[in-house]
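Let me begin by presenting the structure, written as structure tokens, before commenting on it.
The values are calculated or read from the model by the stated rules, or taken from the named source; none is laboratory data. Values in this document were obtained by computation on a predicted structure and should not be read as measured data. Virtual Cβ from ideal backbone geometry, glycine too; neighbours counted across all protein chains shown.
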Amino acid sequence: MNPIIQEVTQRIIERSAKTRAAYLAKIEKARKQGPLRGELSCGNLAHGFAACGKEDKADLRSMTKANIAIVSSYNDMLSAHQPYESYPQQIKDAVRSVGSVAQFAGGVPAMCDGVTQGNAGMELSLMSRDNIAMGAAIGLSHNMFDATVMLGICDKIVPGLLLGGLSFGHLPTVFVPAGPMPSGLPNKEKARVRQAYAEGKVGRDELLEAESQSYHSAGTCTFYGTANSNQLVVEVMGLHLPGASFVNPGTPLRDALTKAAAVQATRLTDLGENYMPIGHIVDAKSMVNGIVALLATGGSTNHTMHLVAVARAAGLIVTWDDFSDLSKATPLLTRIYPNGSADINHFTAAGGMSLLFKQLLDAGLLHNDVNTICGRGLEQYTKEPVIRDGELIWQDGPTASLDLEVLATVEKPFKPDGGLSVLQGNIGRAVIKTSALRDPECHIKAPAVVFEDQYALDEAFNNGDLDKDCIVVVRFQGPAAIGMPELHRLTPPLGVLQDKGYKVALVTDGRMSGASGKVPAAIHLTPEAYKGGLIAKVREGDLLELNTATGELTLHVDDAELSAREAKTADLSESHIGMGRELFAGMRASLSGAEEGACSLFFEQE
């Protein structure tokens with residue numbers, strides 16, 4: 001093993017000793033107590049299978065047949081989740097073919113940041129993750145089930161399902177993706193039209209046409225944002241079938257993988273000899289594997305919160321410093337938009353997941369002594385699924401990249417590190433994604449231009465007030481303030497300023513999403529302004545310095561003056577009422593800071 005990765009893993013194990021032990025004890029107790037179909041009262045059990053057919057009722061009465069829970073994020077407005085419409089029946093048929101039963105246990109909400117971006121609904125986005133976790137838990141709480149099949153794709157859905165699944169850590173759990181849509185308008189052209197619109201060079205009709213050509217069919221968006229980062233991380237953690245992540249919807253291979261995943265869930269239950277619950281798969285080594293793969297591919301910064309929360313749900317304590325240190329040891333192996341012009345389908349064509357696994361394993365960058373839904377170790381994940389003579393099989397994957405512009409080698413990576421850094425200084429701690437920057441060693445020292453919300457920047461940009469070297473500060477965007485919306489709509493105007501030759505950067509206690517691109521952005525700043533962070537004292541014209549080489553994020557104002565300054569406050573009432581936001585007041589108030597996962601859920605304490 002790479003010594004840095006080994007050291008980070010060991011310190012996670014040591015700092016998590018108490019909480020992990022408590023978690024394992026909890027799930028072992030749950031294993032002994034359930035599933036309780038055999039001990040339910042006749043009335044309880046009758047309710048549990050009342051709607052089943054005669055054969056399924058008989059199987060559930062017998063207590064010898066597995067009952068598989070289906071938890072789904074299906075809705076038909078969102079392209080990524082629309083394919084799930086047919087999955088429950090496919091899963092039921094596949095499970096029945098091997099003598100077991102599957103029941104649809106519950107649905108969870110699925111919202112799309114791409115639809116809500118820059119709108120009020122985005123302020124519910126991050127909180128939806130914890131809502132999804134609770135929804136999954138409610139579906140599983142009937143204690144009728146021997147294993148779970150989780151159907152989820154996008155930004156908050158997969159982390160939420162992981163949180164919910166880990167709360168039932170005694171149950172085997174298989175994640176089943178739906179796959180990316182086929183490639184449409186090249187991402188580089190989409191970005192060009194977006195920036196041209198920001199400059200007023202094209203109109204709304206041209207912009208809508210470009211976006212429609214990019215997002216054009218059922219399936220996940222093809223750029224490498226949080227949704228596709230989810231799929232990659234979950235597969236590397238051993239919760240997908242090998243090679244399942246990026247197979248397009250509506251294909252024979254996609255359908256075969258869905259059915260195979262359902263059957264695999266039946267093989268892992270406590271009724272047989274290969275019991276493997278999710279709580280025994282997600283451990284310190286598998287968490288580190290997921291983070292390493294995320295870093296090796298330049299994945300979403302959202303996971304600096306999601307994976308922290310997921311780790312805590314499994315009794316593990318992961319910090320931003322762990323991310324940063326792992327980044328130093330992990331070479332950047334892919335160029336997928338926004339960290340390049342290729343999309344996720346091009347990555348698959350270049351060698352995809354099987355070659356990524358092979359390279360990372362050969363270089364000692366992944367722990368191989370881990371549990372997966374397919375057994376012990378990751379060698380099976382170096383194979384890729386194919387249909388041969390009408391049967392699903394796994395064959396050896398490619399041993400070399402078929403496109404070195406998309407998938408490089410460990411020996412000659414695109415960059416020697418994973419492109420994720422922690423910045424810290426008197427203003428607080430933040431993360432920055434450097435993998436997509438023109439120069440990863442970014443050093444900007446410039447006056448601050450301060451905004452209390454993301455929409456105020458538009459007027460300043462249109463008036464030319466930002467035509468200068470500056471560091472844009474957008475505050476009161478944190479979890480406790482307004483639910484920490486993504487601020488991706490700021491990218492086009494800031495990109496325009498950058499292309500004009502100005503040195504610009506962004507500092508915010510909000511998020512910039514998995515689509516963080518060429519503009520240096522110190523995001524997830526903590527403590528947030530709403531909770532007294534120093535960002536609330538920044539004034540227009542203050543000198544700010546951002547330096548990725550030294551990891552510094554500094555407000556150059558005398559300490560005495562800062563102590564004398566009053567912190568700025570903001571009227572957030574418009575962000576707390578309407579579009580359902582008032583319903584989330586209690587959750588918003590209980591969210592932890594970004595570095596603690598921005599989470600409202602309770603986990604075992606240290």
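Quick notes
- Just one of (1) within 18 Å of the chain's Cα centre (by Cα); (2) modelled with pLDDT of 95 or more fails for residue 113. It is (2).
- Out of 133, 137, 105, one residue alone is crowded, with 24+ Cβ neighbours inside 10 Å and modelled with pLDDT of 95 or more. It is 133.
- The range 308-321, subset surrounded by 24 or more Cβ atoms within 10 Å (Cβ to Cβ) and of a type outside the set (Val, Ile, Thr), residue nearest to residue 432 (Cα to Cα): 309
- Residue within the range 343-357 that is crowded, with 23+ Cβ neighbours inside 10 Å, within 19 Å of the chain's Cα centre (by Cα) and either not in a helix (DSSP H, G or I) or not assigned by TED's automatic domain parsing to the domain that holds residue 130 (or both) present: yes
- Out of 185, 241, 232, sole residue that is under 14 Å from residue 158 (Cβ atoms) and of a type in the set (A, V, I, L, M): 232
- The lone exception for residue 340 - which of (1) modelled with pLDDT under 95; (2) in contact with a strand residue (DSSP E or B) (Cβ under 6 Å, 6 or more places away or on another chain); (3) on the phi > 0 side of the Ramachandran plot it fails: (2)
- Taken over the range 53-89, the residue count meeting the criterion of being assigned to a helix (DSSP H, G or I) and within 23 Å of the chain's Cα centre (by Cα) is 5.
- Sole residue being buried (at least 19 other Cβ atoms within 10 Å of the Cβ) and not assigned by TED's automatic domain parsing to the domain that holds residue 345, chosen from 434, 382: 434
- Restricting attention to the range 466-496 and to residues that are over 30 Å from residue 590 (Cβ atoms) and at pLDDT below 95, the residue that is surrounded by the most Cβ atoms within 10 Å (Cβ to Cβ) turns out to be 494.
- From 158, 202, 176, residue being crowded, with 22+ Cβ neighbours inside 10 Å and either of a type in the set (Lys, Arg) or out of contact with any Ser or Thr (no Cβ under 8 Å at 6 or more places or on another chain) (or both): 158
- Considering the range 546-576, and only residues there that are β-branched (Val, Ile, Thr) and out of contact with any helix residue (DSSP H, G or I) (no Cβ under 9 Å at 6 or more places or on another chain), the residue that is surrounded by the most Cβ atoms within 10 Å (Cβ to Cβ) turns out to be 548.
- Inspection of the range 411-418 finds no residue satisfying the criterion of being over 29 Å from residue 347 (Cα atoms), at pLDDT 95 or above and either of a type in the set (Lys, Arg) or in the same structural domain as residue 546 (by TED's automatic domain parsing) (or both).
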